[in-house]
1. Between Arg55, Arg7, Arg59, Arg36, which is over 20 Å from Ile135 (Cβ atoms) and surrounded by 11 or more Cβ atoms within 10 Å (Cβ to Cβ)?
2. Of the residues Ala18, Ala54, Ala12, which single one is under 25 Å from Ser168 (Cα atoms) and out of contact with any His (no Cβ under 6 Å at 6 or more places or on another chain)?
3. Determine whether the stretch 133-147 contains at least one residue that is surrounded by 16 or more Cβ atoms within 10 Å (Cβ to Cβ) and at pLDDT below 90.
4. Which one is modelled with the highest pLDDT, of the residues in the stretch 39-52 that are surrounded by fewer than 16 Cβ atoms within 10 Å (Cβ to Cβ) and part of a helix (DSSP H, G or I)?
5. Report the residue count in the stretch 21-34 for those that are within 17 Å of the chain's Cα centre (by Cα) and either farther than 22 Å from Ile170 by Cβ or not hydroxyl-bearing (Ser, Thr, Tyr) (or both).
6. Taking into account only those residues within the stretch 116-173 that are charged (D, E, K, R) and part of a helix (DSSP H, G or I), which is farthest from the chain's Cα centre (by Cα)?
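The values are calculated or read from the model by the stated rules, or taken from the named source; none is laboratory data. Please read all numbers here as calculations on a predicted model, not as lab measurements. Using ideal geometry, Cβ is built from the backbone for each residue, glycine included, and neighbour counts are taken over all protein chains shown.
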Amino acid sequence: MPDALNRLFLSAKKTIAANLPFVILIAILFGYLTARALPENHMDMASAQTILAARWWARDGFLVHYFLQLPSGYGKLVKYFDDPQLQQHAKGSINGSLIGSKIYYTRYPSLYILPIALTMKLGINNLFLLRLWAIVASLLSLIFFYAFLKLITNKIVAFTAALYFGISPIFIK
């Protein structure tokens with residue numbers, strides 16, 4: 001067993017050394033994003049809607065909300081605006097017109113909220129820890145993006161693409 005663990009450690013060490021610029025990029029991004037997540041009184045609108053949806057998913061259950069986000073708010077009457085008889089009352093808070101006036105966000109499944117809602121269901125409501133989930137998921141996606149590009153191109157192209165995406169304002173936000 002210790003021999004297998006030693007081989008695993010050496011393999012990880014070689015992988016880190018072979019991809020050192022990318023590992024440094026991930027470490028810098030993790031430090032920066034973690035420092036940005038520390039202030040409790042700072043939140044943009046999309047993050048607030050995600051936290052609100054996660055809180056309601058954790059309280060009511062995922063199936064009650066069809067695994068969809070409700071950005072217009074979670075008042076007692078709002079959920080009834082999706083009924084055909086009441087859809088005309090949702091005019092100011094609709095999220096799509098392709099399939100009718102729906103108040104639930106139906107453009108794509110809101111499954112990214114699931115880990116946050118499960119964390120809240122466990123009783124962890126610390127805003128920093130909830131933001132840390134998003135940071136880890138974002139950095140893992142960047143790691144998978146780099147690994148995929150490295151498979152189909154070379155290390156330089158993969159690092160350049162990961163660097164460009166990692167420092168873009170969309171990723172940083």
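1. Answer to the check: Arg59.
2. After applying the criteria, what remains is Ala18.
3. yes
4. Ala48
5. 4
6. Looking at residues that are charged (D, E, K, R) and part of a helix (DSSP H, G or I), I get Lys155.
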